[in-house]
Amino acid sequence: MTAEPPESPATEGVRSLEVRWIFPGQLEAAVAGWFGRFPARTESREDTYLLDPQLRGLSVKVRGGAALEVTVYRGSPGLLEVTERARGRMQAWQKWTFPFSPLRPESSDPVGWRPVLKSRRISRFSLSGEPVAAGAPGLGGEPRCEVELTEVRTGGQDWWTLGFEAAGPADLLRSALQAAAALVFTQALPGGVEPGPDESTSYAEWLCRSPGADSNADT
């Protein structure tokens, strides 16, 4: 009799707890400066999201033209609240990532998919809420929270987003997210920006209800 091998991370998927706010318009220099208090790495890429057919509770995207990412919504444990600074809906997700090569890289965007250009600043925080130096070795199985400030362009429009994504042991995800949020929002966002439940959403939800969701407008 052959023993069954243990499930691999690819089989189990990666679990995370996230909060994201999305705002219209270009990212203001004052907001970029506010986020610049923390060490961060930067990256730019184009992600392409499947919008049609709409798959309830499921997000499908091609990340940077090199990976197919399938993410399943696992419910919300409630609101993240930072007193007088931010309120947002926490969302639990489970993600699987697979290598991907486009069959026809020269072709235009297929019907039902929406390309989204992203220019990201990403800071990482430990469970204690302390920032981790950009480029430092990964934390392995320890809980961590990545915070990103991202400029977004899609459908000919500019947006920006502030997102928190905690990963690691499931029982510590909420603590890691809350610790990072408490530190980041020690200073309020400039310009009177108040992240609230109305702006709190995932990329998949936002794209399905944003202007031009049914079109393949060029970015």
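Would a scan of the range 94-101 turn up a residue that is out of contact with any strand residue (DSSP E or B) (no Cβ under 6 Å at 6 or more places or on another chain), assigned to a loop (DSSP other than H, G, I, E, B) and either open to solvent by 80 Å² or more (accessible area, probe 1.4 Å) or modelled with pLDDT under 95 (or both)? There is at least one residue in the range 94-101 that is out of contact with any strand residue (DSSP E or B) (no Cβ under 6 Å at 6 or more places or on another chain), assigned to a loop (DSSP other than H, G, I, E, B) and either open to solvent by 80 Å² or more (accessible area, probe 1.4 Å) or modelled with pLDDT under 95 (or both).
Need a quick list: strands (runs of 3 or more DSSP E) entirely within the range 112-219 having at least 2 residues that are among the polar types (S, T, N, Q), within 30 Å of Asp52 (Cα to Cα) and modelled with pLDDT of 90 or more. Spell out the reasoning first.
Numbers: elements: 113-126, 144-154, 157-167.
In the range 112-219, the matching strands (runs of 3 or more DSSP E) lie at 144-154, 157-167.
Taking the range 55-88 as the range and being in contact with a helix residue (DSSP H, G or I) (Cβ under 6 Å, 6 or more places away or on another chain) and either small (Gly, Ala, Ser) or closer than 17 Å to Ala204 by Cβ (or both) as the test, only Ser59 passes. For the range 147-180, the set of residues classified as surrounded by fewer than 18 Cβ atoms within 10 Å (Cβ to Cβ) and within 25 Å of Glu28 (Cα to Cα) consists of Glu151, Arg153, Gly156, Gln157, Asp158, listed by residue number.
Do we find that Val19 is in contact (Cβ under 8 Å) with a residue 12 or more places away in the chain and more than 22 Å from Pro197 (Cβ to Cβ) in this structure?
Details: in contact (Cβ under 8 Å) with a residue 12 or more places away in the chain: yes; more than 22 Å from Pro197 (Cβ to Cβ): no.
No.
When the range 181-209 is filtered for residues that are touching a residue at least 12 places away in the same chain (Cβ under 8 Å), open to solvent by 40 Å² or more (accessible area, probe 1.4 Å) and over 18 Å from Leu27 (Cα atoms), the ones remaining, listed by number, are Ala182, Leu183, Pro197, Cys208.
For every residue, the table says whether it meets (1) in contact with a strand residue (DSSP E or B) (Cβ under 6 Å, 6 or more places away or on another chain); (2) among the small types (Gly, Ala, Ser).
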{"position": "Arg153", "(1), (2)": "yes, no"}
{"position": "Trp159", "(1), (2)": "yes, no"}
{"position": "Phe164", "(1), (2)": "yes, no"}
{"position": "Ala167", "(1), (2)": "yes, yes"}
{"position": "Ser175", "(1), (2)": "no, yes"}
{"position": "Ala182", "(1), (2)": "no, yes"}
{"position": "Leu189", "(1), (2)": "no, no"}
{"position": "Glu199", "(1), (2)": "yes, no"}
{"position": "Tyr203", "(1), (2)": "no, no"}
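The values are calculated or read from the model by the stated rules, or taken from the named source; none is laboratory data. Keep in mind it's a predicted model, so treat the numbers as computed, not measured. Neighbour counts are summed over all protein chains in view; Cβ atoms, including those assigned to glycine, are modelled from backbone coordinates with ideal geometry. Heavy atoms of the whole protein, side chains included, go into the accessibility calculation; ligands, DNA and RNA do not. Shrake-Rupley method; radii C 1.70, N 1.55, O 1.52, S 1.80 Å.
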